[in-house]
Amino acid sequence: TFVVVGILWANHHYLIFTLPKADRATVWLNNNALFWITLIPIVARFFGQHPFSPRAAASYAFVIMTCTVSFSLLRRHAAKISRNEFHRSLHRRVFRRIWPAVAVYAAAIPLAFLDIRLAWVCLVVLPALFFLPITRVTQS
């Protein structure tokens with residue numbers, strides 16, 4: 001959980017750095033992301049106390065998935081309002097990379113009820129996709 005929150009914080013910090021200004025939409029999208037992030041310790045404690053409970057794993061996967069979705073909405077907004085082409089490209093690349101992770105987090109929810117080990121694999125492997133932020137834009 002510390003790694004997940006650390007990844008979210010680092011990416012949030014960099015994303016906010018790329019914004020030219022904070023408009024009303026930025027503030028509310030940011031509040032939405034921060035709300036879901038505040039739920040991580042609650043579901044992490046539940047999951048930590050009951051590591052083989054399908055409900056605990058599904059709850060954790062749901063909150064992490066929702067954090068990822070809300071953060072991606074903030075990123076999409078940042079790509080729209082940024083005046084810097086490098087930052088817009090960066091946001092678009094990360095935005096495209098997020099959706100497979102959302103799908104895997106979503107899959108971890110029913111998987112928790114079918115085989116808790118598969119849900120664990122999803123929840124442990126996915127943070128690795130976002131451990132290092134994308135800082136370079138490759139030419140396609």
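General observations
- Hits in region 14-39 - residues which are part of a helix (DSSP H, G or I), in contact with a helix residue (DSSP H, G or I) (Cβ under 7 Å, 6 or more places away or on another chain) and not hydrophobic (A, V, I, L, M, F, W, C): THR26, ASN30, ASN32
- Residues that are among the small types (Gly, Ala, Ser) and within 24 Å of ARG117 (Cα to Cα) were ranked within region 25-66; the one that is surrounded by the fewest Cβ atoms within 10 Å (Cβ to Cβ) is GLY48.
- Residue count for region 91-100, restricted to those that are among the aliphatic types (A, V, I, L, M) and at pLDDT 80 or above: 1
- Residue, surrounded by the most Cβ atoms within 10 Å (Cβ to Cβ), within region 108-124, restricted to residues that are under 15 Å from the mean Cα position of the chain (by Cα) and in contact (Cβ under 8 Å) with a residue 12 or more places away in the chain: ALA108
- Residues that are open to solvent by 30 Å² or more (accessible area, probe 1.4 Å) and either outside any helix (DSSP H, G or I) or within 30 Å of ALA58 (Cβ to Cβ) (or both), drawn from region 72-92: LEU73, ARG76, ARG83, ASN84
- Residue list for region 82-100, restricted to those being of a type in the set (A, V, I, L, M, F, W, C) and touching a Pro at 6+ places or on another chain (Cβ under 8 Å): VAL94
- Some residue of region 1-24 being under 23 Å from ASP115 (Cα atoms) and surrounded by fewer than 19 Cβ atoms within 10 Å (Cβ to Cβ): yes
The values are calculated or read from the model by the stated rules, or taken from the named source; none is laboratory data. All figures in this text were calculated on a predicted structure; none of them were measured in a lab. Glycine gets a Cβ as well: all are built from the backbone with ideal geometry, and neighbour counts include every protein chain shown. These accessible areas exclude ligands, DNA and RNA; they are computed on the full protein's heavy atoms, side chains included. Shrake-Rupley method; radii C 1.70, N 1.55, O 1.52, S 1.80 Å.
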